[in-house]
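Shown next, in structure tokens, is the structure this report addresses.
The values are calculated or read from the model by the stated rules, or taken from the named source; none is laboratory data. It should be emphasised that the depicted structure is a prediction, and the values quoted were computed from it without experimental measurement. Quick reminder, even Gly has a Cβ in these numbers, built from the backbone with ideal geometry, and neighbours come from all protein chains shown. Calculation scope for accessible area: heavy atoms of the full protein, side chains included, ligands and nucleic acids excluded. Shrake-Rupley method; radii C 1.70, N 1.55, O 1.52, S 1.80 Å.
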Amino acid sequence: MKLYGVRTSPYVRHARIALAQSGLEWQLEQVNSETIIKSPTRRVPFLIDGDLILTDSSVIVRHIREKTGQPFLKTIAHHELFALSTTVLDTAVNVFLMNVNNSDDLAVVAAGASTIGFDPKSYFESQQKRVGIGIRELDKLTLPDTEPYNDGEIRLACLLDWAIYRGTVDITGMAGLQHFLDKIRNWIPFTETAPDI
């Protein structure tokens with residue numbers, strides 16, 4: 001089994017954690033311009049397991065869990081936490097990749113030709129707002145102090161660690177999220193999958 005990706009990706013990290021917990025034999029292959037073409041979506045992570053190619057981190061994690069008889073999002077609450085964390089993560093990644101320091105920088109960018117009158121400045125601002133609201137909602141949750149962690153909690157931890165590193169989220173004053181992140185950072189599968197930066 002081979003997982004393709006980059007160590008700094010929070011999506012790849014979640015898959016790496018699941019693989020570390022699985023006991024399966026696997027390798028991480030750092031993706032490059034030659035290997036990315038193996039993925040039909042041209043993004044990471046993707047997993048090759050024999051003839052099976054999986055191209056989404058949630059499907060990869062589910063495949064690993066099912067292959068080893070481990071639970072994957074056993075309850076609606078676990079799934080909701082996973083979905084909310086993924087939505088905030090996707091949005092934070094989008095904001096990060098826009099590489100914009102100030103939305104005023106986008107005021108000079110021409111609006112697109114879409115039927116809804118896409119405006120880059122208002123889009124960027126709405127994405128920033130979505131991340132902030134999502135993080136505040138996540139801070140309201142009761143999160144565990146110790147393992148075992150479910151995949152919703154693991155996805156949240158991957159989001160927080162990545163977003164803090166990239167400067168897209170500030171959880172100062174958010175006691176629930178700070179406490180949760182402090183605790184999970186001591187969990188060996190999370191620690192061992194931290195990017196080599």
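Considering each residue of region 56-72, count those that are under 12 Å from residue 21 (Cβ atoms) and of a type in the set (Gly, Ala, Ser), and give that number.
Residues that pass the stated criteria total 1.
Considering region 162-197 alone, what residues qualify as being surrounded by fewer than 20 Cβ atoms within 10 Å (Cβ to Cβ), of a type in the set (Gly, Ala, Ser) and closer than 25 Å to residue 97 by Cα?
We begin by selecting, within region 162-197, every residue surrounded by fewer than 20 Cβ atoms within 10 Å (Cβ to Cβ); these are 164-167, 170-176, 178-179, 181-183, 185-189, 191-192, 194-197.
When the remaining residues are screened for being of a type in the set (Gly, Ala, Ser), the result is 167, 173, 175-176, 194.
Matches in region 162-197: 167, 194.
Quick one: count up the residues across region 8-66 that are exposed (fewer than 13 other Cβ atoms within 10 Å of the Cβ), more than 25 Å from residue 92 (Cα to Cα) and of a type in the set (Val, Ile, Thr).
Taking region 8-66 first, the residues exposed (fewer than 13 other Cβ atoms within 10 Å of the Cβ) are 23, 25, 27, 30, 32-34, 37, 40-42, 50-52, 66.
Next, from what is left, pick out any that are more than 25 Å from residue 92 (Cα to Cα): 23, 25, 27, 34, 37, 50-52, 66.
This time we only want the ones that are of a type in the set (Val, Ile, Thr), so: 37.
Residues meeting the conditions: 1.
What number of residues within region 116-132 are under 23 Å from residue 173 (Cβ atoms), of a type outside the set (D, E, K, R) and either open to solvent by 80 Å² or more (accessible area, probe 1.4 Å) or in contact with a helix residue (DSSP H, G or I) (Cβ under 7 Å, 6 or more places away or on another chain) (or both)?
Taking region 116-132 and keeping what is under 23 Å from residue 173 (Cβ atoms), we get 125, 127-132.
Then keep just the ones that are of a type outside the set (D, E, K, R); that gives 127-128, 131-132.
Then keep just the ones that are either open to solvent by 80 Å² or more (accessible area, probe 1.4 Å) or in contact with a helix residue (DSSP H, G or I) (Cβ under 7 Å, 6 or more places away or on another chain) (or both); that gives 127-128, 131.
Looking only at that region, the number is 3.
For residue 47, indicate whether it is free of Cβ contacts under 8 Å to residues at least 60 places away in the same chain and touching a Lys or Arg at 6+ places or on another chain (Cβ under 8 Å). First the steps, then the outcome.
On the way: free of Cβ contacts under 8 Å to residues at least 60 places away in the same chain: yes; touching a Lys or Arg at 6+ places or on another chain (Cβ under 8 Å): yes.
In short, yes.
Looking at 48, 53, 60, which one is more than 12 Å from the chain's Cα centre (by Cα), of a type in the set (A, V, I, L, M, F, W, C) and not in a strand (DSSP E or B)?
60
Tell me yes or no: at least one residue of region 145-156 is open to solvent by 70 Å² or more (accessible area, probe 1.4 Å), out of contact with any Phe, Trp or Tyr (no Cβ under 6 Å at 6 or more places or on another chain) and touching a residue at least 40 places away in the same chain (Cβ under 8 Å).
So the first thing to find is which residues in region 145-156 are open to solvent by 70 Å² or more (accessible area, probe 1.4 Å), and the list is 145-148.
If we keep only those that are out of contact with any Phe, Trp or Tyr (no Cβ under 6 Å at 6 or more places or on another chain) as well, we get 145-146, 148.
After this cut, where a residue has to be touching a residue at least 40 places away in the same chain (Cβ under 8 Å) as well, the list is none.
Within region 145-156 (the criterion being open to solvent by 70 Å² or more (accessible area, probe 1.4 Å), out of contact with any Phe, Trp or Tyr (no Cβ under 6 Å at 6 or more places or on another chain) and touching a residue at least 40 places away in the same chain (Cβ under 8 Å)), the answer is no, since none of the residues qualifies.
Among the residues of region 115-138, write down those that are assigned to a loop (DSSP other than H, G, I, E, B) and either modelled with pLDDT of 95 or more or not acidic (Asp, Glu) (or both).
We begin by selecting, within region 115-138, every residue assigned to a loop (DSSP other than H, G, I, E, B); these are 115-119.
Listed by number, the residues that qualify are 115, 116, 117, 118.
Against the definition (touching a helix residue (DSSP H, G or I) at 6+ places or on another chain (Cβ under 9 Å), buried (at least 20 other Cβ atoms within 10 Å of the Cβ) and touching a residue at least 60 places away in the same chain (Cβ under 8 Å)), how does residue 159 come out, yes or no? Give the steps one after another, and end with the answer.
Numbers: touching a helix residue (DSSP H, G or I) at 6+ places or on another chain (Cβ under 9 Å): yes; buried (at least 20 other Cβ atoms within 10 Å of the Cβ): yes; touching a residue at least 60 places away in the same chain (Cβ under 8 Å): yes.
Yes.
Of all residues in region 168-189, how many are under 21 Å from residue 134 (Cβ atoms) and touching a residue at least 40 places away in the same chain (Cβ under 8 Å)?
3
Checking residue 105 against (1) modelled with pLDDT under 95; (2) part of a loop (DSSP other than H, G, I, E, B), only one condition comes out false. Which one?
(2)
Can residue 141 be described as surrounded by 14 or more Cβ atoms within 10 Å (Cβ to Cβ) and either in a loop (DSSP other than H, G, I, E, B) or modelled with pLDDT under 95 (or both)?
Details: surrounded by 14 or more Cβ atoms within 10 Å (Cβ to Cβ): yes; either in a loop (DSSP other than H, G, I, E, B) or modelled with pLDDT under 95 (or both): yes.
So residue 141 fits the description; yes.
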